Amino acid sequence: MNDEEFFLVNDRETVVTPHMHVRCDGGNGALGHPLEYLTLEKGGETLCGYCGRRYVLEGTKAAEEVRASGTRPAA
């Protein structure tokens, strides 16, 4: 999903997304994990149960905090 923003916040991968439903495969191709579908309804954020990646809904206070305190990984 090209409209997601990736950050590192306290050494945790954090994704700011405009989508209520996301999927996580851990990245890294074959070195990732099984595909997990997640919903961001409760409070606008959730964690992947496999890799701990945090997903935050765009437009929430948490998303503003991520953008203010997080760093973008090098491309």
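Remarks
- Gyration tensor over alpha-carbon atoms, the chain, equivalent ellipsoid semi-axes in Å: 18, 15, 10
- Approximate spin-label separation residue 4-residue 21, in nm, with each point projected 7 Å along Cα-to-Cβ: 1.5 nm
- Looking at the chain, the DSSP beta bridges with both ends there are about 75 percent antiparallel.
- Segment 1-71: relative contact order in percent, alpha carbon pairs under 8 Å with at least 6 residues between: 34 percent
- For peptides 37-46, 50-59, sequence by mean Cβ density within 10 Å, most packed first: 50-59, 37-46
- About the centre of its Cα atoms, segment 1-44 shows a dipole size close to 120 debye [charges on the beta carbon of Lys, Arg (+1) and Asp, Glu (-1) only; nearest 20 debye].
- Along segment 57-71 the Karplus relation, 6.51 cos²θ - 1.76 cosθ + 1.60 evaluated at θ = phi - 60°, assigns HN-Hα couplings of 6, 4, x, 9, 4, 4, 5, 4, 5, 4, 5, 6, 9, x, 10 Hz to successive residues, with x for each Gly and Pro.
- Volume per residue of the convex hull around the Cα atoms, evaluated for segment 1-44, comes out as 91 Å³.
- Of the residues 16, 32, 43, the one whose Cα sits farthest toward the positive end of the charge dipole of segment 1-44, with +1 on the Cβ of Lys and Arg and -1 on the Cβ of Asp and Glu, is 43.
We did not get these values from a lab; they are worked out from the coordinates using the rules stated. A quick note: this is a predicted structure, and the numbers were derived from the prediction, not measured. Cβ atoms come from the backbone with ideal geometry, glycine included; neighbour counts cover every protein chain shown.
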